1. With respect to V404, is the statement that it is in a strand (DSSP E or B), out of contact with any Pro (no Cβ under 7 Å at 6 or more places or on another chain) and crowded, with 19+ Cβ neighbours inside 10 Å true?
2. Among the listed residues A310, A281, which satisfies the condition of being farther than 30 Å from W394 by Cβ, out of contact with any Asp or Glu (no Cβ under 8 Å at 6 or more places or on another chain), at pLDDT 90 or above and small (G, A, S)?
3. Can you tell me which of T313, T297, T309, T265 is surrounded by 20 or more Cβ atoms within 10 Å (Cβ to Cβ) and either more than 27 Å from S105 (Cα to Cα) or among the polar types (S, T, N, Q) (or both)?
4. Looking at this structure, is A290 over 24 Å from the mean Cα position of the chain (by Cα), hydrophobic (A, V, I, L, M, F, W, C) and modelled with pLDDT of 90 or more?
5. Within segment 235-265, how many residues turn out to be under 13 Å from the mean Cα position of the chain (by Cα) and acidic (D, E)?
6. Those residues that are free of Cβ contacts under 8 Å to residues at least 12 places away in the same chain and either in a loop (DSSP other than H, G, I, E, B) or surrounded by 18 or more Cβ atoms within 10 Å (Cβ to Cβ) (or both), I need them from segment 325-367; list them, please.
7. Can you tell me which residues in segment 370-390 are among the hydrophobic types (A, V, I, L, M, F, W, C) and either open to solvent by less than 20 Å² (accessible area, probe 1.4 Å) or more than 18 Å from V328 (Cα to Cα) (or both)?
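The values are calculated or read from the model by the stated rules, or taken from the named source; none is laboratory data. Please read these numbers as outputs of a predicted model, since none were measured by experiment. Using ideal geometry, Cβ is built from the backbone for each residue, glycine included, and neighbour counts are taken over all protein chains shown. Ligands, DNA and RNA are stripped out before the accessible areas are found, and what is left, the full protein with its side chains, is counted by its heavy atoms. Shrake-Rupley method; radii C 1.70, N 1.55, O 1.52, S 1.80 Å.
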Amino acid sequence: MTTPSADEQIRVLSAGAADVISPADLRKKLERGTPLRVKLGIDPTRPDIHLGFAVVLRKLRQFQDLGHTAVLIIGDFTAQVGDPSGRSATRALLSSEEAEANAQSYFDQVKLILRDDRLEVRRNSEWLGKMGIADVTALMARMTVARLLERDDFAKRYAGGAPISLLEFLYPLLQGWDSVVVEADVELGGTDQLFNNLVGRQLQQQEGQEPQVVLTMPILEGLDGVQKMSKSLDNYVGIAEPAAEQFGKIMSITDELMPRYFELTTGWHPDRVGETLAELADGRLRPVDAKRLLARTVVELYHGEGAGTAAETAFDQVFRAGGAPDEVPERLVPEAEFAGGPVRVARVLALAGLVSSNKEGRRMIEQGAVRIDGERVDDPDATVGKSEVSGGIWQVGKRQWARVRVE
C-alpha cells in the first residue's frame, strides 16, 4: 500500500481532534517517511470499555492504518497511584490484583479495535516498579509545585481547600516518564490528559529526546447528551455489550448528538463523515435513517459484518411489534439469596444485572418500567419466591431483557 502524503495523513489524523501540539512538529515527523511510535496509556481502573473511551482507541487505529506503530501502555503501576485528572477528590487506590484483573479485561476488549500488527503492548510496572526512592526524588526534582498547580483540577481543589495528596502530584511525572522510556513520537489522550501529556514532552526534552506531539480527543457525551459518557451515570454504550443492546441504546440518542457520534464513534474517514452530515443537514437523509445507519455501523464495528442488520431487525420486532427479542440472555441469581424466603423483585433485578442497584430497581418499578412475563410490577416492595424465578422473561424499560433463573 502506498503511504499517503503528510498532508493527507495530517487531515485524517487531525479530524475530530481537540488539540494537536503542534501541527508543525507532526508534519516534520511524518515527512521523514518512517513509522511513528504512537503512545496511548490506559489505566485499568474499570473492567470494561465504553464508546467514550473508544474514541481515542479509534484514533490510535487510524495511526495504525496509516502504517504507524501503536504503543499501548497498560498502566498497571499508575492505576495503583490514581490519575487525578478531572477529579474533585482523591481517587480510591486499586490493589495490584484489581489492576491485573481489569488489565486482562482491557486486553480482550482492545482487540475489538486495534490491529494485531503494528502493535506494541507494554506494562509500565516494567520500569516504574523498579524505581527506587533515589529515582523517584530525582524525577520529582524536575517539576515545581507552581507548575503542577497550573492544572485546572489541582488549582480548583487547592483554592477550595480540598486535599491533594503528594501521590497525585507524582502521577503526571510517572505518566510523562512512560513517554521517555518508550521514546514516543506522539501521545494520544482525552482532553483531560492534556497536562499529563505535556509533562511527557517536557521530560523528553530534558532527556535529550525529540519531544512528542500531543494529540487529544474530545470527551464524548453520554446517551443523555449532557454529561460525559460514564458507566456510573448509566449513560454509556459498552463495546462488549450485546449487539441488540448497543443498537437500542444508540437509537435513544438525540438528533443533536448524531454529528458528534458519527465523527467520533464510527472510525470513518473524514470525507465519509462530511458527506453523511451534509445529507443529514439538507434533508436527503432523514434523522431516523441516519440514526439507524449510525447504530448499524457501531454494532458491526464490534460484532462483525451483518450484526448491525440483525440487531436492527430485533429492534423493530421489539419496538414495532411489541414482542420480546428472539435471543434473550440468561441471567442467574444465587440460590442462597432465597435462604430466608421470598426476595424483593428489586433485589432480583440487581442480582440479574438488569439494574445497577436495589435502589434503582425500586425506582424502575415505581416508574412502571418492570415486567415479568409481560405483567407489569407496580409494587416496589413486591417479592418473588425461588420457585417463581424459573426462567421467566424479565424486562426493564424498552431495552433490557433477561431470562432469569436460580443458580
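1. yes
2. A281
3. Checking each option against the conditions leaves just T265.
4. When the stated conditions are applied, A290 does not pass them.
5. Final tally of qualifying residues: 1.
6. Matches in segment 325-367: A339, G340, A350, S357, Q367.
7. Within segment 370-390, V370, V377, A382, V384, V389 meet the criteria.
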